[in-house]
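Right, one structure below, let's go through it.
The values are calculated or read from the model by the stated rules, or taken from the named source; none is laboratory data. Note that this is a predicted model, so its numbers are computed, not measured. No Cβ is skipped: glycine too gets one built from the backbone with ideal geometry, and neighbour counts run over all protein chains shown. These accessible areas exclude ligands, DNA and RNA; they are computed on the full protein's heavy atoms, side chains included. Shrake-Rupley method; radii C 1.70, N 1.55, O 1.52, S 1.80 Å.
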Protein chains: 2
Amino acid sequence: MLKLFVVFGSILACCYAAEPAIKPTKGEVWPKPQEQETSENYLVLQPHTFSFKGPADIGCPNFLNDAFTRYWTIIATLPSQQGQLSEVRGRPQKKFWEADDNFVGYLDSLKVELIGACASEAVRPDLGDDENYSLTISNEGSTLSASTIWGVLRGLETFSQLVYLEGESLVVNATIITDFPRFPHRGLLLDTSRHFQPVYIILQNLDAMAYNKFNVLHWHLVDDPSFPYVSRTYPELSEKGAYHPVSKVYEQSDVSKIIEYARVRGIRVIPEFNMPSHTESWGLSHPELLTACYFNDQPWHAMGPLDPTKNTTYTFLNNLLTEVVDVFPDSHIHIGGDDFSSYFCWKRNPDVKAFMSDNNISSYEQLANYFFQNVISLLDSLNSKYLVWEEVFLNGVTLPNNTTIHVRADGGFDTLAAVTKAGKFGVYSGCWYLDELSTGSDWQKFYECELLDFDGTDEHKKLVLGGAACMWGETVNEYSIMPRVWPRASAVAEKLWSAQDVNDSEAARPRLEEHGCRINRRGIASQPPNGPGVCL
Amino acid sequence: MLKLFVVFGSILACCYAAEPAIKPTKGEVWPKPQEQETSENYLVLQPHTFSFKGPADIGCPNFLNDAFTRYWTIIATLPSQQGQLSEVRGRPQKKFWEADDNFVGYLDSLKVELIGACASEAVRPDLGDDENYSLTISNEGSTLSASTIWGVLRGLETFSQLVYLEGESLVVNATIITDFPRFPHRGLLLDTSRHFQPVYIILQNLDAMAYNKFNVLHWHLVDDPSFPYVSRTYPELSEKGAYHPVSKVYEQSDVSKIIEYARVRGIRVIPEFNMPSHTESWGLSHPELLTACYFNDQPWHAMGPLDPTKNTTYTFLNNLLTEVVDVFPDSHIHIGGDDFSSYFCWKRNPDVKAFMSDNNISSYEQLANYFFQNVISLLDSLNSKYLVWEEVFLNGVTLPNNTTIHVRADGGFDTLAAVTKAGKFGVYSGCWYLDELSTGSDWQKFYECELLDFDGTDEHKKLVLGGAACMWGETVNEYSIMPRVWPRASAVAEKLWSAQDVNDSEAARPRLEEHGCRINRRGIASQPPNGPGVCL
């Protein structure tokens, strides 16, 4: 990583005496770019004269113009968001730069080059899409260049972060950046089953994800506690399975809105329909899907996982998954598969036992395999790729090599080693559970976790596609989720985007202090990362 | 504690299939009243015909009318807050009670009796004021009776919690309550120095405090990181010591607003001006107040605690405290006194050494005593009582018996035993630090802490005035403080109000589930207390 000049300091002396415990940087980028040269020379950006300029024949002009408008607004409103503190003091805007040797000119435009073609205005992000970009800010002309519109989006985000407020004016240092993500799968899991999260909360998280270059919303949509997805095929699933059939559900129009909001930010939406366990809420409308539990040979009050022995289970899943693959256009779906391996209810149900005997299935592992092979064939017939939680792999289910195993248990490095040694793709969440709390500023524990710290060859490590920060929903509602996720998930964002040697949490502190305040100003209710402080 | 009928169940069968992990109670009171009898019979309250009725000659009619309006509004808006979920289903209001044997009539008014006199409309709450009340809800007449307006306020809060929504209608069970607080000092500490909290956040917390029968806002106003209080006498303290001299300060008008908002809710505001340590921000405008630190006999960059050797220190404190006692009308002030006992800078400063030698002060404990005796005399001359952190007591400072020692260190039971054995008053926060986080639902750790679990006689235990939940400000900003405090502080509220045998956190869960949703509906951004769930 190149960095010719470290520019932490401000151009003006600081105005106020009391300062945060960790002084924020100014105009540093989060997650840290792969290569960056920053000069002490700077340009002044005046919003009323500044614009993004794509060439006339740029691909997907509407898509890009919308992005330009979003980022122009973020930049142009920075003085009113941040600068209100200065304004109330009634100070006139001072053109401090006119007498400053490091001032090298005004930044009137950023030329945006899209080198590759853009398929169509309806283009969708997919796994492995090129997100590279290069960015030059100079008094001799400033350019953002990328092969795809996803690269343009990432570069616009970086550009918006380079701009900072000095006095009441926007400045940006002369800078050269060449940037690309370390991993192609950079996810945030949101759980909308344990607590319902209103659509606006999901959209706010998508904004914050874009500000952190995340590119996958892993939507843990349904689970035991509630089924908020309004299915076109089986509307009774949410009518009876949601916390409330009208106000605590995602209508089809909500889902479309979320997918579209994500798409234009270069974020994929991968829904999770967890099976065969975590399906209690499915049983509220379709009890026949679940395995009745027995205790001391008597039917028990509880219902277990999906019943793998009935053809009707697979008919139902075929209908539901056909819909899901249509509604969620991503190439992948997450079919869960955690917490099934105690086989508690399968083991005790006499019909299951009879089925196994009739079909020469001699172990519960084989029964699980039977279930998953059926589901996999459904997904294959739908041309959908899939992710599964690590238990599916660890329980010996036969999985083709294009399956992605989502490693989640504590640490998880042994599992990631086994997954990649077996030639499967891995996505990692082992140490990135955002519901795990500790006293104090605790993002460092996420930051100091290196996902490739497992025993494997380079070839094995190449099978790791990335990871996801997981916001399980037991203890977060709409009032607490934003400060719980942010900026703690930002630590994971940097692990997944930046170079492997960007791993010093102490060095990262001042940048995260700035970034936390940056996303606060952009409307994200982020908690403080570093102890006593203030966002001015 | 009496309770003739336990009424957890709802009158109507529940409407939706998916339910929270812990089902909320309906119309249960938090904190739990000392004595309560609840019948299965209920009355229906129709807001347009319901009113509070004080007799014509009731004391402080304006004060009480304002309280009646607040609580009428809370009750009358419950259907629109909670019931919107039903309303969107377009269901007509169903008079289910007309065919129900338990329906015994309509509640058209609550007669409010103030038995004692009310000194004046400007009455202020003070330590030990009577907060007892009795409340009868019956089809033969409903009455709230109390000796003081504080008792009336507590009774109104209880009444508002007894009312719950059934379908789209408000119902209240026939109930008899006799209630009084276990402890007279029930506090919440808010730290506005480590992060500035806007006035609206403090007001929201005062609302939430009233909903939990807290009666002391311990305002940890200034500390090392910043000095946001705008002093009339020394405005430079905040001009240089605040995070921002205009936008991150409490003007005198803000302070008055907060004190008045608290007063009408029966909440005292005790400001803390912590000394001699935690005064770094004071030194930004008044470096002469602080003890210069030395390292290897050379002046060091750091400044230590207040300099106890200079007369000018006491002149300054006299002026500041004279103002503070005038601005904050409570009988008590908190003068801090924690974290001074390493004596790091005092020990190394040659002027301090010379002073000690000249004045026959042979130990740093004696020097601390000299400092505090001077401060105590100032406060005595101002007729102000005071609280100090436990270190002042533990370091052997001579303290009169009317001093209140605020016990804070881990557990703290040995200290509370020593404090009360020495005949001093104790206020307890030892296990109630809200900044201490653990994974999952963690209010139980606060709830299961019994402050009188120390080795002492009944006489000693009577010296414990109560306690305070402490929201230290290192890791909370305005975006995260509300769900961090609520409903975790509610656990402490119940310890301080309810009978000692109300100590089973499992039994409390369904009531806290209801109470968390209740304060959500009233606009408090409370996090979920008990795992998966929903507020309908």
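Percent of Cα-Cα pairs more than 26 Å apart in segment B:185-521, please. Tail fraction, whole percent: 49. If R0 is 56 Å, the Cβ-Cβ spacing of B:Asp504 and B:Thr233 corresponds to a FRET efficiency of close to 0.65.
Taking the accessible area of chain B, probe 1.4 Å, and keeping the other protein chains in place, the carbon and sulfur fraction comes to 50%. Counting Lys and Arg as +1 and Asp and Glu as -1 over every other residue whose Cβ lies under 9 Å from the Cβ of A:Phe413, the net charge comes to -3. For the rotational copies A and B, the chain A residue with its Cβ nearest the relating axis, together with that separation in Å, is A:Leu437, 2. Which entries of A:Lys94/B:Lys257; A:Lys32/A:Lys111; A:Lys111/A:Lys495 have Cα-Cα distances beyond 26 Å here? Result: A:Lys94/B:Lys257; A:Lys111/A:Lys495 exceed 26 Å. Extension gain, B:Ser342 to B:Leu203, is 46.4 nm, computed as 0.36 nm per intervening residue step minus the present C-alpha separation.
Helix content alone sets the calculated 222 nm mean residue ellipticity of chain A: runs of n ≥ 4 DSSP H residues at -39500 (n - 2.57) each, divided across all residues, give -9500 deg cm²/dmol.
Once the C-beta distance of B:Asn62 and B:Glu140 is scaled by a Förster radius of 30 Å, the resulting FRET efficiency is 0.50 to the nearest 0.05. Counting Lys and Arg as +1 and Asp and Glu as -1 over every other residue whose Cβ lies under 9 Å from the Cβ of A:Ser281, the net charge comes to -2. Taking every residue in A:471-479 and counting other chain Cβ atoms within 10 Å of its Cβ, the average works out to 6. Annotation for B:Glu365 and A:Tyr106: the two label points, set 7 Å from Cα along the Cα-Cβ direction, are 7.1 nm apart.
Highest mean first, the peptides A:500-512, A:418-430 sorted by other C-beta atoms within 10 Å per residue fall in the order A:418-430, A:500-512. Placing a label point 7 Å from Cα along the Cα-to-Cβ direction at A:Pro61 gives distances to the equivalent points in the other copies of 7.4 nm, listed shortest first. Buried on complex formation within segment A:423-470 (loss of at least 50 square angstrom of accessible surface versus the isolated chain, 1.4 Å probe, ligands and nucleic acids ignored): A:Leu437, A:Thr439. Using a probe radius of 1.4 Å on protein heavy atoms only, what is the accessible area buried between chains A and B, both sides summed, to the nearest 100 Å²? The buried area between A and B, both sides summed, comes to about 3800 Å². Counting from the shortest, the label point at B:Asn311, 7 Å from Cα toward Cβ, is 10.4 nm from the same position in each remaining copy.
Approximating the spin labels as points 7 Å out from Cα along Cα→Cβ, the A:Asn296-to-B:Ala21 distance works out to 2.8 nm. Counting Cβ atoms of other protein chains within 10 Å of each residue's Cβ and taking the mean over peptide A:523-531 gives 4.
Multiplying the residue separation of A:Ala422 and A:Glu288 by 0.36 nm and subtracting their alpha-carbon distance yields 44.6 nm. Given their separation in residues at 0.36 nm each and the Cα-Cα distance between them, A:Lys95 and A:Asp380 gain 96.3 nm when the chain is fully extended. Looking at segment B:257-344, the trypsin sites (Lys or Arg not before Pro) that sit in a DSSP loop and have at most 16 other Cβ atoms within 10 Å of their own Cβ are B:Lys310.
Remark: label point of B:Glu365 defined 7 Å out from Cα along the Cα-Cβ vector; separations to the same position in other copies 6.8 nm, ascending. Solvent-accessible surface of chain A, taken per residue with a 1.4 Å probe and all protein chains present: 36 Å². Segment A:13-69 and segment A:431-497 have Cα centres lying 26 Å from one another. Computed from point charges on the beta carbon alone (+1 for Lys and Arg, -1 for Asp and Glu), the dipole magnitude for chain B about its Cα centre is near 760 Debye. Positive contributions from Lys and Arg (+1) and negative ones from Asp and Glu (-1), summed over other residues with Cβ under 11 Å from the Cβ of A:Ala489, come out at +3. The alpha carbon convex hull volume per residue for the protein assembly as shown rounds to 200 Å³. Bridging of B:Lys310 to lysines at a Cα separation below 24 Å is possible for B:Lys240, B:Lys347, B:Lys353, once same-chain residues fewer than 8 apart are set aside.
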